[in-house]
1. How many residues, within the range 183-205, are part of a loop (DSSP other than H, G, I, E, B) and either open to solvent by less than 70 Å² (accessible area, probe 1.4 Å) or closer than 15 Å to VAL262 by Cβ (or both)?
2. Determine which single condition THR19 fails, assuming it passes every other condition in (1) of a type outside the set (Phe, Trp, Tyr); (2) without any contact (Cβ under 8 Å) to a residue 60 or more places away in the chain; (3) out of contact with any Lys or Arg (no Cβ under 9 Å at 6 or more places or on another chain).
3. Scan the range 27-54 and report the pairs whose first residue is within 24 Å of LYS152 (Cα to Cα) and whose second residue is in a helix (DSSP H, G or I) and open to solvent by 30 Å² or more (accessible area, probe 1.4 Å), with Cβ atoms within less than 6 Å and a gap of 6+ or a chain change.
4. Take the residues of the range 237-252 that are out of contact with any helix residue (DSSP H, G or I) (no Cβ under 6 Å at 6 or more places or on another chain) and open to solvent by 50 Å² or more (accessible area, probe 1.4 Å): which is modelled with the highest pLDDT?
5. So for the range 206-224 (the condition being over 20 Å from SER187 (Cβ atoms), open to solvent by less than 50 Å² (accessible area, probe 1.4 Å) and in a helix (DSSP H, G or I)), does at least one residue qualify?
6. Output the residues belonging to the range 210-248 that are polar (S, T, N, Q), at negative phi and in contact (Cβ under 8 Å) with a residue 40 or more places away in the chain.
7. Looking at CYS211, CYS292, CYS239, CYS257 in this structure, which one is in contact with a His (Cβ under 8 Å, 6 or more places away or on another chain), of a type outside the set (A, V, I, L, M) and over 17 Å from GLU166 (Cβ atoms)?
8. If you go through the range 97-132, how many residues are modelled with pLDDT under 85 and among the aromatic types (Phe, Trp, Tyr)?
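The values are calculated or read from the model by the stated rules, or taken from the named source; none is laboratory data. These figures come from a predicted structure and were not determined experimentally. Note: ideal-geometry Cβ built from the backbone for every residue, glycine included; neighbour counts use all protein chains shown. Heads up: the accessible areas ignore ligands, DNA and RNA and are worked out on the full protein's heavy atoms, side chains in. Shrake-Rupley method; radii C 1.70, N 1.55, O 1.52, S 1.80 Å.
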Amino acid sequence: MTLMQLKCFWTVGTIGSFTEAAEELFISQSAVSKNIAALEQELSFPLFDRNGKTVTLTIGARRMLEYSGEIINMLKNMESEAKEIRRGLYSDKQIRLAGVPTMAAFDVLSQINDFNTHNPDFEIIVEEQDEDRVLFLLQSGGCDVAFCSNIKISTKNYNFLKVCHEDFSVAFHKNHELAGKPELRLSELKGAKFIFSKQESMLYDLCYNACVDAGFTPNVVMRTSRVDIAEQFVMSQRCCCMGLSRVLHANATPEQCITRIVDSPGFDYVLCWKKSDYTSPALKSFINFIKCSMQQ
């Protein structure tokens, strides 16, 4: 068994909901279910009785919850101790920033370079990860600040600075039958062959659910986070790539047509940091620098 399996079991067992447990752990509901299923297989008995949306512990699981609670509490104490150790290892002049792969399209990296130029005494260490991993690092203290969407960020526990708003567009080959329109509604894409971001990403869920809300199940023929691979399939004239408007425009070729989706889900990209954590002089300077650059 793994710590993540125990965390999922403990969180579902104490909250009583797979959906709320996923939100608490900053992972997808399917990831929670997979971890619970793996733990049940290893223990050889079911942990929960599921009746619709109601989730209750089985008799065998109640004792297991006590053990997992002890382990989780020990882990929390370990994480707290690790925070103090990290403070000793990392200088107040260092900033650990975790960001989603799309941050390069939103001028974040150039702003980091500008900050380093104007503040040579400070150092920013950047780590690129998928959204769920970024949020996990932020929650666990594995980074000081994160660049990610605001979809799963609670203002109760986090400070955040809005960097930009984003929505979705589609990329067609210029000879595609839907190319050339200034904008489209999602319902007009029914029957199209789609390229989406990889399935475990937040962007995949947003695109997929938006299509379902528009009245159809999207025919997804490719899942990839590689823009160059998506471009090759778009050039085949058979597929359209649904993704972030800014990213698609930044990588468009003369053979492509980028069309805005007027009823696409929108969200904000933010810099966020925990309210409860120590805010170093370096992080304060970086946040103020971004605020000033956005006002210019």
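1. Here the count works out to 5.
2. (3)
3. Hits for this filter: ILE27/ASP132; GLN29/THR19; ASN35/MET4.
4. HIS249
5. no
6. SER225, SER236, SER245
7. CYS257
8. So the count comes out to 1.
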